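One structure coming up, written as structure tokens, with questions to follow.
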Amino acid sequence: MKNFFSNLYSFYRKLKSKIAFYPTLFALSGLVFAFLMMYLEKRGISDYLVENAPFLVVNNGDTAMVILSACITGLISMMVFSFSMVMLLLNQAANNYSPRLLPGLISDYRHQIILGIYLFSILYCIFILFYIQPTGDKYQIPGFSVLLGILATVVSLYSFIYFIHNISQSIQITYILDEIYSSAKTRLHEVLEREKNVSTGFPDSHDWQDYYTKTSGYFRHLNRQKLIAFCKEKDTLIEILPVRGMFVLQGISLFRSKKALTQKEIETVLDCFHFSRKELVADNYVLAFKQIAEVIAKAMSPGINDPGTALNAIDYLTELLRMRMLMTDESYIHDNGKTYARERPVKFEELLYNLLASIRTYSKQDIVVVQKLGYMFIYLQQQEAKEKAYHKNLNTEAERLLLDARNSLDNKTDIDVIEKLAKKLKLNLPMEENKKLP
């Protein structure tokens, strides 16, 4: 039963990231509610209201049809405009910031709920309009249902106002960066909580049996509870070979097992892995680092040339790196203090190099951005680290950045700034002959 709910939750998370998830739910709700109101109309709900609260009932067939037709036309126009605005947001984010931001923006539940409210109101009004019997007999007119259709339209209008407010914020880079940071921070806190009081003892797995994937895609999610239950039942240990978030090709080694597995058992373990063609920060915090690094690189590219955006993004990157330094370079799957599987996270040294390599390429000639990055390294050097090697990794990347920057700059004042940063970081930068100053 526990595995069933775990599988159901994994399926829910997969559906929730689709842009059509909430709109579909609201559309179905609109249909169900319309049929419910038709049933209540047959039971005489409008007749009762005509006698007790006549001001709540529309009792003229022509008036009801005109009102519902106007509501449907207006709602469809608003929905088309709103959808166009969402597409404009996605296009601007892809062109100005990074295409990697699109999955996170598409999965924004607020935009989905607003589109769902539109669909709910449209479908409800359409079915109530079909139900109207234009015979002139007020008792055959679903007066109360028409009133609810008007109220649904009013709710849609207020939703549209909120949508305009939200979309105006969503296209701002500070808002996008804050959303990325918040998602990554939540994910990092979850990982840090799991690492508390975890035994790091795990046997060497080089002589274990390898098992291979039958599909390809981004290794997005792992059903930890199901994998733990399997290891307990079969009394085995599992090592997961690919790094979470990487693109897994069909036929490569996916995991190793301490005990040999039957074909049915292999299928059970493979069901614990969830692959996707897109990535989300909520599933893999490393993606947040990549997205912010790409925003910095894109902002500093010649086509964009927006150092202000780069400076803002560096602040968020600094805080996420500080949190990453509190984690180890190993990840274990455990239950009640006992380890059952080991994952392979992105090591801090590798993560830092991949982030700074692209940033150095576009930022080394801008002394303001280089100075900001230098202060980032100074700050991180003063922070607590889970492993001693982290500070050494920071020194290595800082030296690479400052060397590239100094070799790209010719202004004496700018080079002096580089030297001061190197002194604060306690780095001895070798000087090329053509860069020696009189």
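Can you pull out the residues in the range 189-213 that are surrounded by 18 or more Cβ atoms within 10 Å (Cβ to Cβ) and either more than 21 Å from Tyr332 (Cα to Cα) or under 28 Å from the mean Cα position of the chain (by Cα) (or both)?
Of everything in the range 189-213, just one residue is surrounded by 18 or more Cβ atoms within 10 Å (Cβ to Cβ) and either more than 21 Å from Tyr332 (Cα to Cα) or under 28 Å from the mean Cα position of the chain (by Cα) (or both), namely Thr213.
Separate question: Between a residue in the range 313-333 that is in the same structural domain as Glu350 (by TED's automatic domain parsing) and crowded, with 18+ Cβ neighbours inside 10 Å and any residue that is in a helix (DSSP H, G or I) and of a type in the set (Val, Ile, Thr), which pairs come within a Cβ distance under 6 Å, given they are 6 or more apart or on different chains?
The qualifying pairs are Ala313/Ile292; Ala313/Val295; Ala313/Ile296; Tyr316/Ile292; Leu317/Ile292.
Could you tell me whether any residue of the range 209-224 is of a type in the set (A, V, I, L, M, F, W, C), within 25 Å of Ala288 (Cβ to Cβ) and not assigned by TED's automatic domain parsing to the domain that holds Met325?
At the first step, the residues of the range 209-224 found to be of a type in the set (A, V, I, L, M, F, W, C) are 219, 222.
Now drop any that are not within 25 Å of Ala288 (Cβ to Cβ), which leaves 219, 222.
Narrowing the set further to residues that are not assigned by TED's automatic domain parsing to the domain that holds Met325 leaves 219, 222.
Yes, there is a match, as at least one residue in the range 209-224 is of a type in the set (A, V, I, L, M, F, W, C), within 25 Å of Ala288 (Cβ to Cβ) and not assigned by TED's automatic domain parsing to the domain that holds Met325.
Out of the residues in the range 55-71 meeting the condition of being free of Cβ contacts under 8 Å to residues at least 24 places away in the same chain and surrounded by 11 or more Cβ atoms within 10 Å (Cβ to Cβ), tell me which one is nearest to the chain's Cα centre (by Cα). Break it down stepwise before answering.
Step one: of the range 55-71, the residues free of Cβ contacts under 8 Å to residues at least 24 places away in the same chain are 55, 63, 66, 70.
Okay, now just the ones that are also surrounded by 11 or more Cβ atoms within 10 Å (Cβ to Cβ), so 63, 66, 70.
Numbers: Thr63: 47, Val66: 43, Ala70: 38 Å.
That would be Ala70.
It is to be established whether one or more residues within the range 152-161 are modelled with pLDDT under 85, surrounded by 13 or more Cβ atoms within 10 Å (Cβ to Cβ) and over 19 Å from Asn59 (Cα atoms).
No, every residue in the range 152-161 fails to be modelled with pLDDT under 85, surrounded by 13 or more Cβ atoms within 10 Å (Cβ to Cβ) and over 19 Å from Asn59 (Cα atoms).
Looking at Thr361, Thr396, Thr339 in this structure, which one is of a type outside the set (A, V, I, L, M) and under 21 Å from Ser301 (Cα atoms)? Lay out the reasoning, then the answer.
On the way: Thr396 fails: under 21 Å from Ser301 (Cα atoms); Thr339 fails: under 21 Å from Ser301 (Cα atoms).
Just a single option satisfies the conditions, and that option is Thr361.
Each row is one residue, and each column tells you yes or no for (1) in the same structural domain as Leu88 (by TED's automatic domain parsing); (2) of a type outside the set (Ser, Thr, Tyr); (3) surrounded by fewer than 23 Cβ atoms within 10 Å (Cβ to Cβ).
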{"site": "Tyr131", "(1), (2), (3)": "yes, no, yes"}
{"site": "Leu147", "(1), (2), (3)": "yes, yes, yes"}
{"site": "Ile164", "(1), (2), (3)": "yes, yes, yes"}
{"site": "Ala184", "(1), (2), (3)": "no, yes, no"}
{"site": "Arg187", "(1), (2), (3)": "no, yes, yes"}
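Exactly one of (1) buried (at least 19 other Cβ atoms within 10 Å of the Cβ); (2) in a helix (DSSP H, G or I) is unmet by Gln371. Its number?
Answer for Gln371: the failing condition is (1).
Kindly indicate which of Ile292, Ile240 is closer than 30 Å to Leu356 by Cβ, crowded, with 20+ Cβ neighbours inside 10 Å and not assigned by TED's automatic domain parsing to the domain that holds Val370.
Numbers: Ile292 fails: not assigned by TED's automatic domain parsing to the domain that holds Val370.
One residue alone meets the criteria, Ile240.
When you look at Arg256, is it buried (at least 18 other Cβ atoms within 10 Å of the Cβ) and touching a helix residue (DSSP H, G or I) at 6+ places or on another chain (Cβ under 9 Å), yes or no?
So Arg256 does not fit the description; no.
Same structure, new question: If I ask for residues that are farther than 18 Å from Glu343 by Cβ, in contact with a helix residue (DSSP H, G or I) (Cβ under 9 Å, 6 or more places away or on another chain) and in a loop (DSSP other than H, G, I, E, B), which ones from the range 180-222 would you list?
Scanning the range 180-222 gives Lys214, Thr215.
The values are calculated or read from the model by the stated rules, or taken from the named source; none is laboratory data. Since the structure is predicted, the reported quantities are computational estimates derived from the model, not experimental observations. A quick note on method: Cβ atoms are made from the backbone with ideal geometry, for glycine too, and the neighbour counts reach across all protein chains shown.
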